[in-house]
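Everything below concerns the one structure shown next.
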Amino acid sequence: MTTTCSAPGKIYLFGEHAVVYGEPAIACAVELRTSVSAKSADAITISSDIGTTGLDFEVHPYVSFAIKKMDSPNVSIEINSDIPVGSGLGSSAAVTVATLAAINIECRLGYEKEDIARMGHEIEKEVQGAASPTDTFVSTFGGVVEIPSRKRLNLLDCGIVIGNTNKGASPKKTAKLVKQVAQLKEEYPETINPIIKTIGSFARQGEVLVSEKDYNSLGKLMNVNHGLLDALGVCTMELSVLVYAARNAGAYGAKLTGAGGDGCMVALTDSPRDVAAAIEKSGGQAIITRFTSEGVKQV
Ligand code: MEV
């Protein structure tokens with residue numbers, strides 16, 4: 001038997017970086033998925049775009065830690081992903097969660113989804129040194145979620161376009177940018193603390209706007225959120241070029257998503273093709289997607 005599970009990536013509607021200081025954020029699963037197949041085998045093998053290895057904590061760290069954590073019999077693992085790696089879309093959480101879920105079913109280990117989310121977070125911490133539980137939680141359960149309360153909000157039905165600068169992809173980038181913001185905050189607390197608090201206020205207002213599906217207002221606040229992330233020093237010119245291209249093409253709003261330092265931006269729009277064309281014309285790679293309520297699932 002072979003078991004295949006897929007898990008989604010995510011975007012932040014509001015609140016990255018401020019969430020590190022206890023402010024609320026809104027994170028949303030998107031219909032870009034990583035599929036992992038697990039099959040009982042004589043020896044452990046892990047196959048992906050990068051190549052085929054055994055248990056290898058350098059080449060396939062997330063999957064290797066997941067196999068180790070589940071203490072399962074030998075399995076062969078095959079990974080296929082739509083999610084750009086290391087670009088702020090939760091690719092590492094998706095591969096970790098999908099691997100845990102596939103092994104869980106294939107080896108009949110009996111873990112619940114809560115266990116998968118918890119173990120996924122532990123693995124991200126082991127590999128990265130630090131990680132918030134946001135990505136693994138959203139990838140496991142799907143939906144539009146307020147963090148840290150884990151409150152599930154209404155699913156949004158408007159289009160999303162992701163713009164990838166195809167630059168700055170690195171799993172170590174998040175830690176570096178979080179540290180950079182911490183240093184700025186320490187140096188200029190009177191200036192930076194109110195910015196962080198204001199970013200937190202977007203998630204509080206966003207909760208109501210999401211329930212009303214008020215895309216105009218959500219878009220306006222996304223634009224302000226982007227400006228404040230820029231003020232925190234985590235934006236780049238390449239990202240802002242894509243953000244402005246999306247807004248000029250009629251998006252309700254657009255902002256960087258994730259840690260920043262290049263990587264990806266996200267636009268909310270009812271005309272995804274126009275916005276995608278504008279992003280591509282400005283040198284980015286556009287991905288049209290949608291919100292999804294489905295977290296990890298067997299396929
Ligand atoms: C990175 O995707 C989001 C940050 O807020 C860091 C975190 O929450 O762990 C920058």
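The values are calculated or read from the model by the stated rules, or taken from the named source; none is laboratory data. The structure presented is a predicted model; accordingly, all values stated were derived computationally and were not measured. In this analysis, Cβ positions are derived from the backbone assuming ideal geometry, glycine residues included, and neighbour counts consider all displayed protein chains. What goes into the accessible areas is simple: the full protein's heavy atoms, side chains included, and nothing from ligands, DNA or RNA. Shrake-Rupley method; radii C 1.70, N 1.55, O 1.52, S 1.80 Å.
Some points to look at:
- Equivalent ellipsoid semi-axes - Cα gyration tensor, the range 1-92, angstrom: 29, 14, 12
- Angle between the chain longest axis and helix 173-187 axis [Cα atoms, degrees, rounded to 10]: 40
- Using a Förster distance of 35 Å, the FRET efficiency for Leu109-Lys172 (Cβ separation, nearest 0.05): 0.65
- Relative to its residue count, the range 159-289 spans a Cα convex hull of 96 Å³ per residue.
- Charge tally in the Cβ shell below 15 Å around His60, where Lys, Arg are +1 and Asp, Glu are -1, His60 excluded: -4
- For the chain, the longest principal axis of the alpha carbon atoms and the long axis of helix 189-211 meet at an angle near 80°.
- When all protein chains stay in place and ligands, DNA and RNA are ignored, the 1.4 Å accessible-area order of Arg273, Arg118, largest first, is Arg273, Arg118.
- Most mobile of Gly250, Gly51, Gly22 in a GNM of the chain (Cα contacts under 10 Å): Gly51
- Listed cross-link partners Lys69/Lys197; Lys167/Lys213; Lys197/Lys220 are compared with a 27 Å cut-off, the Cα-Cα value being larger for Lys69/Lys197; Lys167/Lys213.
- Rg [Å, one decimal], Dmax [Å, integer] - the range 2-153, C-alpha atoms: 14.8, 48
- Measure of compaction for the chain (Cα Rg per 2.2 N^0.38 Å): 0.97
- Ligands, DNA and RNA left out, the 1.4 Å accessible surface of the range 159-289 is 53% carbon and sulfur atoms.
- Average accessible area per residue (Å²) across the chain - probe 1.4 Å, nucleic acids and ligands excluded: 42
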